[in-house]
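Novice: A single structure is presented below for examination.
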Amino acid sequence: MGASGFSLDVNGDGDRVRLGSIIWETVCDFIWGDLGEPLYTRMAEYLFEQVTCTADDTSLTWWFGNPGGCCSRSERAGMHWLRYFLAVDWEIFTAMGDHRGLTFASGPPELAATTAEGRLVTLRGDIWSASDDGVGGDDAWIPLEELTVDERAFVAKARGECQCPVCTSPANTPRS
């Protein structure tokens, strides 16, 4: 099983894993608000079964699993959304840490870099990972030449700035 991770440096004596779980649950609530049905339902199994949180004395890490290489889109989306909401709502998450005796030694992810790296797009009722030669889901691939002209333009835009429902939601301004 492959996985990618995202870490934050944390100081204090509180329960790091519990804080990581609470942060992830909050991020999933935010994701639900932006994706709604049926997109969220398709992503929920991955978000709740393949994302784990670990901690050591100095850091908190979220792991995004990719069992058998079959969840690349979901792995990318999950990490992207965590980073996005940490950037947008940093004060909310730091308050959660403060409440639990933990402080973040590292700062939030940089929002512009997070949206540029997302490279996600919603087409044909699903979320896809945009690449130079097509779009990929966890179990599907559509080559660029099979996309309509409008879809190709949307994919080109997503390669420069993420076009997922989270990044394009007008509601996603800092909530703190």
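The values are calculated or read from the model by the stated rules, or taken from the named source; none is laboratory data. Since we're looking at a predicted model, the values are computed, not measured. A quick note on method: Cβ atoms are made from the backbone with ideal geometry, for glycine too, and the neighbour counts reach across all protein chains shown.
Novice: Considering Asp34, Asp57, Asp29, which residue is of a type outside the set (A, V, I, L, M), assigned to a helix (DSSP H, G or I), over 19 Å from Ser129 (Cα atoms) and at pLDDT below 95? Walk me through it before giving the result.
Specialist: Numbers: Asp34 fails: over 19 Å from Ser129 (Cα atoms); Asp57 fails: assigned to a helix (DSSP H, G or I).
Matching residue, one of Asp34, Asp57, Asp29: Asp29.
Novice: Still on this model: Just one of the numbered conditions (1) of a type outside the set (S, T, N, Q); (2) in contact with a strand residue (DSSP E or B) (Cβ under 6 Å, 6 or more places away or on another chain); (3) surrounded by fewer than 18 Cβ atoms within 10 Å (Cβ to Cβ); (4) closer than 21 Å to Thr103 by Cβ is not true of Glu25; which one?
Specialist: The single condition Glu25 does not satisfy is (2).
Novice: How about the range 37-52: which of its residues are outside any helix (DSSP H, G or I) and polar (S, T, N, Q)? Give the steps one after another, and end with the answer.
Specialist: First, pick out the residues of the range 37-52 that are outside any helix (DSSP H, G or I): 37-38, 50-52.
Scanning the range 37-52 gives Gln50, Thr52.
Novice: Identify, by number, the condition in (1) without any contact (Cβ under 8 Å) to a residue 24 or more places away in the chain; (2) touching a helix residue (DSSP H, G or I) at 6+ places or on another chain (Cβ under 7 Å) that Leu47 doesn't meet.
Specialist: It is condition (1) that Leu47 fails.
Novice: While we're here: Please go through the range 121-176 and give me each residue that is touching a helix residue (DSSP H, G or I) at 6+ places or on another chain (Cβ under 7 Å), more than 22 Å from Pro38 (Cβ to Cβ) and without any contact (Cβ under 8 Å) to a residue 24 or more places away in the chain, ordered by number.
Specialist: Asp133, Gly134, Leu144, Arg152
Novice: Test Ala87 against the criterion of being modelled with pLDDT of 95 or more and on the phi < 0 side of the Ramachandran plot, and give yes or no. Don't jump to the end; show me each part of the working.
Specialist: Numbers: modelled with pLDDT of 95 or more: yes; on the phi < 0 side of the Ramachandran plot: yes.
So Ala87 fits the description; yes.
Novice: Give the residues of the range 82-119 that are touching a strand residue (DSSP E or B) at 6+ places or on another chain (Cβ under 9 Å), surrounded by 17 or more Cβ atoms within 10 Å (Cβ to Cβ) and either among the hydroxyl-bearing types (Ser, Thr, Tyr) or under 26 Å from Glu161 (Cβ atoms) (or both), sorted by residue number.
Specialist: Result: Leu82, Arg83, Leu86, Trp90, Phe93, Thr94, Pro108, Pro109, Gly118, Arg119.
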